[in-house]
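Enquirer: This structure is in structure tokens; I'll ask about it shortly.
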């Protein structure tokens, strides 16, 4: 399972680079968001036994399977559990919002013109998330 997730993360990064270098900036941003989602899913699955076995506990007492947890929920969970700091959490939420430009209607409504600068601004929070995850390697080691 770990090898599959790591391969999936690597492929997301490769797609991002390919898209960016070929002018497909919206697709690059989608790739960045997908990378963060896969990365957090992988880390939470590895470090949090409850998440791995039950998923995310909802307010109504039900559980959401790990593979059904959204990027927004993964970011919040990683922050709440001390895996990422507030700055990484907040800026990565912005990346999540930009990833929603996958919807053409949203691009039109927001008059979005995404370019290489946008891609680079979305990449910064990923670096912060990676740094925080590395610094928190001992957090939640409940295998």
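Enquirer: Using Cβ counts within 10 Å as a stand-in for footprinting exposure, how do 94, 62, 38 rank, fewest first?
Expert: Ordered by Cβ neighbours within 10 Å, fewest first: 62, 94, 38.
Enquirer: Compute the relative contact order of the stretch 2-135 as a whole-number percentage, counting only Cα pairs closer than 8 Å that sit 6 or more residues apart in sequence.
Expert: Worked out over the stretch 2-135, it gives 27 percent.
Enquirer: Over the alpha-carbon set of the stretch 11-117, divide Rg by the Kirkwood Rh and report the Rg/Rh ratio to two decimals.
Expert: Dividing the radius of gyration by the Kirkwood radius yields 1.02.
Enquirer: Would you mind ranking 19, 122 by Cβ crowding within 10 Å, fewest neighbours first?
Expert: Arranged by neighbour count, lowest to highest, 19, 122 become 19, 122.
Enquirer: To continue, here is another question. Sort 102, 26, 129, 119 so the one with the fewest other Cβ atoms within 10 Å of its own Cβ comes first.
Expert: Ordered from fewest to most neighbouring Cβ atoms within 10 Å, 102, 26, 129, 119 come out as 102, 26, 119, 129.
Every number in this text was worked out from the coordinates using simple rules, so none of it is lab data. Treat the numbers as computed from the prediction; the structure is a model and nothing was measured. In this analysis, Cβ positions are derived from the backbone assuming ideal geometry, glycine residues included, and neighbour counts consider all displayed protein chains.
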